Amino acid sequence: MSNIEIIKYTKEWEEKWDKFVHESNNGTLFHLQKFFDYHSPNKFTFNHLLFLEKGEIVALLPGSMIGDKFESPIGASYGSIVTKDIKFEKALEIVATIIEYAKANGITELELTAAPVVYEDKPNQNLDFAMLWLGFSYSLHYISSAIKLDKEVDIISRFQPTVRRNIRKTFRNSDIRVEINERYDEFYPILLKNKARHSVKPTHTLEELIKLKELLPNHLKLFMVYYKDTPIAGSLMFFVNKTCALCFYNMLDFDYEHLKPIHRIMYEVVKYSTDNGYSYVDIGVSQDTKADNPMTPSMGLIDFKEKFDAKTVMRNTLSIKL
């Protein structure tokens, strides 16, 4: 008999919720209530859940009801169950509890997408196996690419020879400089043009990015490359927890592509993340967004990321119909 009960999140739990995420093994900024606050009112109806044992939080599950289906995440990149570094028996108990809660509350399906395992402070797939054992199955996989950071290894030496040469050329060009700043007004118009080349729009508006920066000032850093005083490339980094940094947006002014500023920005991002104690830089998913099958890999994107010694990690969705 489980001692865990599930209650619906209410505003008075906000501080304890975010504290638990920060202290967890697998939580990210995408699980924080402060992150959800950037959404405009009424954009989403959230149905976040808390798992309590003797009044104390043992797990969290952000998400929303879509009809009779509970989805996690909603309005974020990653969701699923957040825990501390728990043992397998506790993982089984937590998963069994959410299944029983779902059945008792008319939920006919659970669909949970967690962050890749490299986001975990101590890699631990107890939750994944517990879900699979209790009836969940994989319904979707995305391919992402992450660079394992190592303070003992020279950064440039890990990159492919052509990339190394291009980065060194930018060091010798006195007209090129890199800044960490908050010039979203310079970054965003070029990002819009980049996305338009693929007939898509950024996930966030300019106003939403500025609001996110205000809500989570230590989690967002904007790396910009300038040629003289012209912005030519940039990377908006989300430092999602103490383990992993995520390249959420890269942009490039293609008039300056010949200067290879994206190669330089990747060097700067990896160097900053290494110097500040992170274990991984996630360069994001590489899917062919125009393909019918959402899992279709973008071979060009994957090849580009492998030039920086990035390795494949998977973003997995686990689902169960009840």
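The values are calculated or read from the model by the stated rules, or taken from the named source; none is laboratory data. Remember, predicted model here, so these are calculated numbers, not experimental data. Every residue, glycine among them, receives a Cβ derived from its backbone with ideal geometry; neighbour counts consider all protein chains shown.
Is there any pair with a first residue in segment 246-270 that is more than 17 Å from Leu192 (Cβ to Cβ) and a second that is of a type in the set (Asp, Glu) and not in a strand (DSSP E or B) whose Cβ atoms are under 6 Å apart and which are 6 or more apart or on different chains, and what are they?
none
Let me spell it out: the conditions are (1) farther than 24 Å from Asn276 by Cα; (2) surrounded by fewer than 20 Cβ atoms within 10 Å (Cβ to Cβ); (3) not hydroxyl-bearing (Ser, Thr, Tyr), and Glu111 meets all of them except one. Which number is the exception?
Going through (1) farther than 24 Å from Asn276 by Cα; (2) surrounded by fewer than 20 Cβ atoms within 10 Å (Cβ to Cβ); (3) not hydroxyl-bearing (Ser, Thr, Tyr) one by one, Glu111 breaks only (2).
Picking from Asn250, Asn316, which residue would you name as being polar (S, T, N, Q) and under 29 Å from Phe171 (Cβ atoms)? Show your work before the answer.
Values: Asn316 fails: under 29 Å from Phe171 (Cβ atoms).
Going through Asn250, Asn316 in turn, the sole match is Asn250.
Which residues, taken from segment 1-10, are loosely packed, with under 11 Cβ neighbours inside 10 Å and over 15 Å from Gly63 (Cα atoms)? Outline the logic, then answer.
Within segment 1-10, the first condition is being loosely packed, with under 11 Cβ neighbours inside 10 Å, and the residues that meet it are 1, 3, 10.
Those that are loosely packed, with under 11 Cβ neighbours inside 10 Å and over 15 Å from Gly63 (Cα atoms): Met1, Asn3.
Looking at (1) free of Cβ contacts under 8 Å to residues at least 60 places away in the same chain; (2) more than 17 Å from Lys8 (Cα to Cα); (3) buried (at least 20 other Cβ atoms within 10 Å of the Cβ); (4) not basic (Lys, Arg), can you tell me which one Leu92 breaks?
(3)
When the residues of segment 211-256 are narrowed to those that are of a type in the set (Val, Ile, Thr) and either on the phi > 0 side of the Ramachandran plot or under 18 Å from the mean Cα position of the chain (by Cα) (or both), which ends up surrounded by the most Cβ atoms within 10 Å (Cβ to Cβ)? It would help to see each step written out before you state the result.
Of segment 211-256, the ones of a type in the set (Val, Ile, Thr) are 225, 230, 232, 240, 243.
Applying the additional criterion that residues be either on the phi > 0 side of the Ramachandran plot or under 18 Å from the mean Cα position of the chain (by Cα) (or both) yields 240, 243.
Details: Val240: 25, Thr243: 20.
Checked segment 211-256; the qualifying residue surrounded by the most Cβ atoms within 10 Å (Cβ to Cβ) is Val240.
Name the residues in segment 273-298 that are among the hydroxyl-bearing types (Ser, Thr, Tyr), at pLDDT below 95 and either assigned by TED's automatic domain parsing to the domain that holds Glu120 or over 14 Å from the mean Cα position of the chain (by Cα) (or both), would you?
Filtering segment 273-298 for residues among the hydroxyl-bearing types (Ser, Thr, Tyr) gives 273-274, 278-280, 286, 289, 296, 298.
From the residues that got through so far, the ones that are at pLDDT below 95 too are 286, 289, 296, 298.
Answer for segment 273-298, where residues must be among the hydroxyl-bearing types (Ser, Thr, Tyr), at pLDDT below 95 and either assigned by TED's automatic domain parsing to the domain that holds Glu120 or over 14 Å from the mean Cα position of the chain (by Cα) (or both): Thr289, Thr296, Ser298.
Provide a single number: the residues in segment 46-72 that are surrounded by fewer than 20 Cβ atoms within 10 Å (Cβ to Cβ) and part of a loop (DSSP other than H, G, I, E, B).
Residues that pass the stated criteria total 6.
Could you please find all residues in segment 6-37 being touching a Gly at 6+ places or on another chain (Cβ under 8 Å) and under 14 Å from Asn241 (Cα atoms)? Let's see the steps before the verdict.
Our first condition is that a residue be touching a Gly at 6+ places or on another chain (Cβ under 8 Å); within segment 6-37, this holds for 20-21, 30-31, 36.
Passing the criteria: Phe20, Val21, Phe30, His31.
Here is a list of conditions, (1) touching a residue at least 60 places away in the same chain (Cβ under 8 Å); (2) acidic (Asp, Glu); (3) not in a strand (DSSP E or B), and Glu15 meets all of them except one; can you say which number that is?
All conditions pass for Glu15, except number (1).
Conditions first: (1) of a type outside the set (A, V, I, L, M, F, W, C); (2) over 26 Å from the mean Cα position of the chain (by Cα); (3) surrounded by 13 or more Cβ atoms within 10 Å (Cβ to Cβ). Lys148 passes all but one, so which condition is the exception?
It is condition (2) that Lys148 fails.
I want to confirm something. Restricting to segment 158-183 and keeping residues that are more than 21 Å from the chain's Cα centre (by Cα) and either of a type in the set (A, V, I, L, M) or at pLDDT below 95 (or both), which single residue is surrounded by the fewest Cβ atoms within 10 Å (Cβ to Cβ)?
Arg158
So, in segment 1-34, how many residues would count as being among the acidic types (Asp, Glu) and closer than 16 Å to Phe239 by Cα?
Filtering segment 1-34 for residues among the acidic types (Asp, Glu) gives 5, 12, 14-15, 18, 23.
Then keep just the ones that are closer than 16 Å to Phe239 by Cα; that gives 18, 23.
Of the residues in segment 1-34, 2 are among the acidic types (Asp, Glu) and closer than 16 Å to Phe239 by Cα.
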